[in-house]
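Q: Handing you a structure now.
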Amino acid sequence: MLTIDAGTTGALRVAPSILAADFGALANAVREVDAETDWLHVDVMDGHFVPNVSIGPPVVQSLRRYSTKFFDCHLMMSEPERYLEAFAKAGANGCTVHVEVGHTKELIGQMRDLGLRVGLAANPDAPFEAVEPFLGDIDLLLLMTVFPGFGGQSFMPEVMAKVERARQVIDNAGLALDLEVDGGIDEKTAPVATAAGANVLVAGSAIFARADPLEAATLLRRAAERGRPCD
Ligand code: DX5
Ligand code: ZN
């Protein structure tokens with residue numbers, strides 16, 4: 001089986017969120033941005049943890065046939081433990097669960113056992129202290145820059161203090177950890193997020209809702225590079 005790895009930890013990554021793509025033509029949407037895509041961000045909503053429903057393992061399995069990218073699956077679910085195995089079997093490479101769900105240690109262990117890259121997400125109002133105890137056990141920290149549930153919301157700049165703090169702790173401790181932001185990321189906010197220390201940028205509307213998604217992804221990457229302290 002083809003092994004798809006996440007690439008160098010800490011490198012700049014643009015991860016288009018397919019939530020903003022045309023669900024009737026997902027394969028085309030994914031292929032269209034392939035050249036400028038590092039990862040593919042898959043937003044999974046269960047209608048319980050967030051007030052919206054999106055997609056699940058069958059769609060991941062179908063998309064797997066059209067893409068060799070790292071599938072970064074963001075599980076906005078109250079009971080991710082019931083579905084992690086199905087996502088792994090469908091072709092997810094990394095899964096991210098929310099710290100708000102609880103029993104984080106068990107979920108991290110389950111993801112490891114399944115061979116998934118391990119992500120932990122926190123909503124905008126979660127303090128850094130909520131995720132801090134787990135930083136040594138995960139591969140990716142996702143700090144939400146909107147309250148999850150819908151695409152197209154406005155970036156919350158107040159989350160940047162938490163991103164800065166996370167970057168400091170990651171660097172000081174020498175942790176091999178990606179720092180991802182998700183929500184309202186576009187050419188204006190991407191450099192703000194990378195300047196604060198984020199290295200994985202999720203963008204839905206700023207890529208797939210544009211007339212030319214590939215060009216939009218290129219512009220987003222350039223904007224993000226401008227914000228990086230040094231590369
Ligand atoms: C929010 C999702 C995001 C969202 C981002 O619930 O987790 O990934 O799709 O969409 P934009 O980039 O449009 O804010
Ligand atoms: Zn997401």
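Q: Looking at (1) of a type outside the set (A, V, I, L, M, F, W, C); (2) assigned to a loop (DSSP other than H, G, I, E, B); (3) out of contact with any Phe, Trp or Tyr (no Cβ under 6 Å at 6 or more places or on another chain), which is the only condition residue 133 fails?
A: (2)
Q: Any residue that is within 16 Å of ligand 2 (Cβ to nearest atom), touching a strand residue (DSSP E or B) at 6+ places or on another chain (Cβ under 7 Å) and closer than 23 Å to residue 20 by Cβ - is there at least one of those in region 99-108?
A: Checking region 99-108: not a single residue is within 16 Å of ligand 2 (Cβ to nearest atom), touching a strand residue (DSSP E or B) at 6+ places or on another chain (Cβ under 7 Å) and closer than 23 Å to residue 20 by Cβ.
Q: Which residues, taken from region 12-55, are assigned to a loop (DSSP other than H, G, I, E, B), modelled with pLDDT of 95 or more and either closer than 24 Å to residue 141 by Cβ or more than 16 Å from ligand 1 (Cβ to nearest atom) (or both)?
A: Listed by number, the residues that qualify are 12, 48, 49, 50, 52, 54, 55.
Q: Restrict the check to region 181-192 and report whether at least one residue is over 15 Å from the mean Cα position of the chain (by Cα), surrounded by fewer than 24 Cβ atoms within 10 Å (Cβ to Cβ) and more than 16 Å from ligand 1 (Cβ to nearest atom).
A: The answer is no, given that none of the residues of region 181-192 is over 15 Å from the mean Cα position of the chain (by Cα), surrounded by fewer than 24 Cβ atoms within 10 Å (Cβ to Cβ) and more than 16 Å from ligand 1 (Cβ to nearest atom).
Q: Tell me, yes or no, whether region 53-66 has at least one residue that is surrounded by 13 or more Cβ atoms within 10 Å (Cβ to Cβ), over 18 Å from residue 93 (Cα atoms) and in contact with a helix residue (DSSP H, G or I) (Cβ under 9 Å, 6 or more places away or on another chain).
A: Scanning region 53-66, I find at least one residue that is surrounded by 13 or more Cβ atoms within 10 Å (Cβ to Cβ), over 18 Å from residue 93 (Cα atoms) and in contact with a helix residue (DSSP H, G or I) (Cβ under 9 Å, 6 or more places away or on another chain), so the answer is yes.
Q: Could you name every one of the helices (runs of 4 or more DSSP H) located completely within region 164-231 that has at least 2 residues being in contact (Cβ under 8 Å) with a residue 60 or more places away in the chain and more than 16 Å from ligand 2 (Cβ to nearest atom)?
A: Here the list reads 213-227.
The values are calculated or read from the model by the stated rules, or taken from the named source; none is laboratory data. Since we're looking at a predicted model, the values are computed, not measured. In this analysis, Cβ positions are derived from the backbone assuming ideal geometry, glycine residues included, and neighbour counts consider all displayed protein chains.
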